[in-house]
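**Student:** First the structure, which I've put down as structure tokens, then a few questions once you've had a look.
Values quoted throughout were computed directly from the atomic coordinates according to the rules given, and no laboratory measurement underlies them. Small disclaimer: the values here were computed from a predicted structure and weren't measured.
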Amino acid sequence: MVILFFFEAGFDIFAPQIKGVDMAKQQSFSDKLKKKKKSDLITVKFIKSMKTTGGNYKFNEKFVQLEDLNKLSEVK
């Protein structure tokens, strides 16, 4: 029977004394960047304006991923 005690401050001091507790391996920031896949797509914020029946303007915003910025005119 293993009884685990967790202390808010200084838990890492007691970790070697507690059986069955392995500390997690620290991952560096550069390791995280290496894991991320770089996409060939470009993310663009697309804002479309619409005129309401009352004469005011309404704006719809959405993020769109494109292969090339020249294809921005094809987005609806």
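**Student:** Cα-Cα over 18 Å: which of 51/76; 45/71; 34/71; 48/76; 36/71?
**Tutor:** 34/71; 36/71
**Student:** So, one more: Setting aside same-chain residues fewer than 8 positions from residue 32, which lysines have a Cα under 22 Å from its Cα?
**Tutor:** In chain and number order, there are no partners.
**Student:** Something else now. On a full-extension model of 0.36 nm per residue, what is the gain between residue 26 and residue 56, subtracting their alpha-carbon distance, rounded to one decimal in nm?
**Tutor:** Gain on stretching residue 26 to residue 56: 5.4 nm.
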